[in-house]
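A quick write-up on the structure given underneath.
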Amino acid sequence: MKKVLIIGSGAREHALAQAFLRSDQVTTVIVAPGNDGMTDAGLKRVTIPATNLLELRDLAISESVDLTFVGNEEPLTLGIVDLFEAAELPIFGPSKVSAQLEGSKSFTKNLLQKYAIPTAKSVTVSTLDSAIDVLQDFGLPIVFKLDGLALGKGVTIITDLTAANAYLTELYMQNPTTKLVIEEYLEGVEFSIFSLVGKNGMIIHAPLAQDHKRRFDQNKGPNTGGMGAYSPVRWLSDEVKNRAIKELVEPTINALKKEGTPFSGVLYTGVMLTQAGPKVIEFNVRFGDPEAQVVLPQYTGDFYELISQLMTGQHPTAHWQINDVYVGVVLAATGYPEAPVKGAIVPTVEAVTPLIINFAGVKNGLANGGRVVTIVGHDTTAILAQKQVYNKISLLETNLEYRHDIAYQAVSHEKTPFFD
């Protein structure tokens with residue numbers, strides 16, 4: 001029987017653990033470092049930080065781990081896959097160089113421009129004067145993206161010139177050499193494609209997802225790591241999905257191969273469907289959070305077997321459910337994302353049954369971070385799935401906060417005559 005190591009601590013890693021535990025081949029899933037909410041049968045926590053690559057390697061050796069799956073982006077950009085592969089340890093994820101797709105937005109923009117892959121017009125700057133000069137060329141709204149990892153919160157959209165100048169002034173006062181990508185604002189429909197890429201270039205695409213980055217209802221407030229998501233996105237046609245794959249995903253994977261840094265692992269393509277067609281907003285090199293919580297439960301096959309076959313260059317057949325819509329709502333601490341307040345009571349597994357719960361910022365049964373849990377339900381329509389989740393949340397005794405409109409796009413489309 002098989003043993004799996006998952007690296008990371010949040011709700012995404014909890015969802016990954018559950019996916020692997022559904023496999024008849026897997027007896028134990030180790031999560032490092034995990035969190036106190038992860039108490040599933042067969043799940044073992046080891047409190048090694050996700051950035052301590054050497055201890056994680058030694059853990060994989062001492063535990064005779066059969067497969068390591070990296071949930072968190074930071075160890076990927078630090079080179080954990082290179083380290084594990086040098087020790088001949090099976091691991092699913094991109095190399096350090098390929099992980100720059102997420103670790104460096106300027107790297108990604110240069111790659112997209114070199115290979116003419118559709119994306120927003122952008123300029124990378126590293127001084128206040130050059131940033132202010134660039135403002136004149138883009139108009140408003142304007143998008144600022146910090147170059148490095150920012151845990152989903154490094155993007156700022158500004159609609160006012162005075163506010164844009166104030167943002168830049170404060171940013172460069174804090175760090176006069178900050179590398180910043182300044183980008184044109186794209187309008188359209190945003191969605192996410194998750195592609196599992198094997199060693200031989202074999203690609204398995206998961207159902208489409210839409211997440212909700214803004215903190216408050218009606219997409220108001222600051223960007224967050226994600227306040228909820230739903231999947232699949234039924235109201236987007238297969239034609240749209242296939243076009244995005246053909247024009248964005250596959251050319252990027254081919255470009256990395258041509259650059260001598262072939263990609264394997266999870267490629268998350270953030271897409272904006274504009275009037276001119278689909279364009280890349282961003283790439284991540286791992287599952288999204290909270291998208292993983294609504295995508296992974298849809299896999300009806302053996303997830304361990306799927307990943308193992310991709311890692312060994314085989315051509316697996318993927319099995320995804322097609323009957324239901326999955327809706328996941330994130331419960332966050334008061335004050336998130338700026339200043340999360342710790343100590344709120346966290347819902348239990350029993351309190352949300354039969355829905356799915358994935359734990360994130362939890363310690364000793366109390367909130368210990370920004371995003372604390374994701375609660376996921378599913379039903380034959382988005383309307384029913386959304387109602388199911390919010391009905392359950394309304395019964396919980398907790399001070400955690402959440403958006404009340406997750407999956408509003410799907411619900412709105414289901415209410416049109418097209419779905420009658």
Inset, instruction - Report whether or not His378 is touching a residue at least 24 places away in the same chain (Cβ under 8 Å) and buried (at least 18 other Cβ atoms within 10 Å of the Cβ). - result: yes
Inset, instruction - For Leu186, state whether it is at pLDDT below 95 and surrounded by 22 or more Cβ atoms within 10 Å (Cβ to Cβ). - result: no
Inset, instruction - Pick out the one residue from Ser98, Ser64 that is at pLDDT 95 or above, surrounded by fewer than 19 Cβ atoms within 10 Å (Cβ to Cβ) and not assigned by TED's automatic domain parsing to the domain that holds Thr178. - result: Ser64
Inset, instruction - Would you point out which residue out of Lys114, Lys145 is of a type outside the set (Ser, Thr, Tyr) and surrounded by fewer than 19 Cβ atoms within 10 Å (Cβ to Cβ)? - result: Lys114
Inset, instruction - Would you check if Lys279 is closer than 30 Å to Val125 by Cβ, among the charged types (D, E, K, R), modelled with pLDDT of 95 or more and crowded, with 18+ Cβ neighbours inside 10 Å? - result: yes
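Yes/no per residue for (1) touching a Ser or Thr at 6+ places or on another chain (Cβ under 7 Å); (2) within 23 Å of Gly71 (Cβ to Cβ); (3) hydroxyl-bearing (Ser, Thr, Tyr); (4) assigned to a strand (DSSP E or B):
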position: Thr334; (1), (2), (3), (4): no, no, yes, no
position: Val372; (1), (2), (3), (4): no, yes, no, yes
position: Val376; (1), (2), (3), (4): no, yes, no, yes
position: Ile383; (1), (2), (3), (4): no, no, no, no
position: Lys387; (1), (2), (3), (4): no, no, no, no
position: Lys392; (1), (2), (3), (4): no, no, no, no
position: Leu396; (1), (2), (3), (4): no, no, no, no
position: Asn399; (1), (2), (3), (4): yes, no, no, no
Inset, instruction - Sort through Asp129, Asp137 and tell me the only one that's without any contact (Cβ under 8 Å) to a residue 12 or more places away in the chain, in a helix (DSSP H, G or I) and of a type in the set (Asp, Glu). - result: Asp129
Legend entry - Pick from segment 337-366, criterion assigned to a loop (DSSP other than H, G, I, E, B) and under 18 Å from the mean Cα position of the chain (by Cα), ranking: surrounded by the fewest Cβ atoms within 10 Å (Cβ to Cβ): Pro337
Inset, instruction - With the checklist (1) under 18 Å from Leu180 (Cα atoms); (2) surrounded by fewer than 22 Cβ atoms within 10 Å (Cβ to Cβ); (3) of a type outside the set (D, E, K, R) in hand, flag the one item Ala87 doesn't pass. - result: (1)
Inset, instruction - Go over the candidates Ser130, Ser192 one by one and state the one that is at pLDDT 90 or above and surrounded by fewer than 20 Cβ atoms within 10 Å (Cβ to Cβ). - result: Ser130
Legend entry - Out of Asp58, Asp40, sole residue that is surrounded by fewer than 21 Cβ atoms within 10 Å (Cβ to Cβ), outside any strand (DSSP E or B), out of contact with any helix residue (DSSP H, G or I) (no Cβ under 9 Å at 6 or more places or on another chain) and not assigned by TED's automatic domain parsing to the domain that holds Gly365: Asp58
Inset, instruction - Could you look through segment 91-128, keep only residues that are charged (D, E, K, R) and over 23 Å from the mean Cα position of the chain (by Cα), and pick out the one that is farthest from Thr77 (Cα to Cα)? - result: Lys121
Inset, instruction - State whether the residues of segment 258-271 include one that is closer than 26 Å to Val325 by Cβ and basic (Lys, Arg). - result: no
Inset, instruction - Read through the list (1) farther than 21 Å from Ala19 by Cβ; (2) in a helix (DSSP H, G or I), then give the number of the only condition that Phe84 fails. - result: (1)
Inset, instruction - Go through segment 168-200 and count every residue that is of a type outside the set (Val, Ile, Thr) and not in a strand (DSSP E or B). - result: 16
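A quick yes/no check of all residues on (1) among the charged types (D, E, K, R); (2) over 28 Å from Ile375 (Cβ atoms); (3) in contact with a strand residue (DSSP E or B) (Cβ under 8 Å, 6 or more places away or on another chain):
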position	(1), (2), (3)
Ile6	no, no, yes
Ser9	no, no, yes
Gly37	no, no, yes
Pro49	no, no, yes
Asn72	no, no, yes
Glu85	yes, yes, yes
Pro90	no, yes, yes
Pro94	no, yes, yes
Gln100	no, yes, no
Inset, instruction - Select, from Arg22, Arg45, the only residue that is surrounded by fewer than 24 Cβ atoms within 10 Å (Cβ to Cβ), out of contact with any helix residue (DSSP H, G or I) (no Cβ under 6 Å at 6 or more places or on another chain), in contact (Cβ under 8 Å) with a residue 60 or more places away in the chain and of a type in the set (D, E, K, R). - result: Arg22
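The values are calculated or read from the model by the stated rules, or taken from the named source; none is laboratory data. This is a predicted model, so every value here is computed, not measured. Ideal geometry is used to build each Cβ from the backbone, glycine not excepted, and the neighbour counts take in all protein chains shown.
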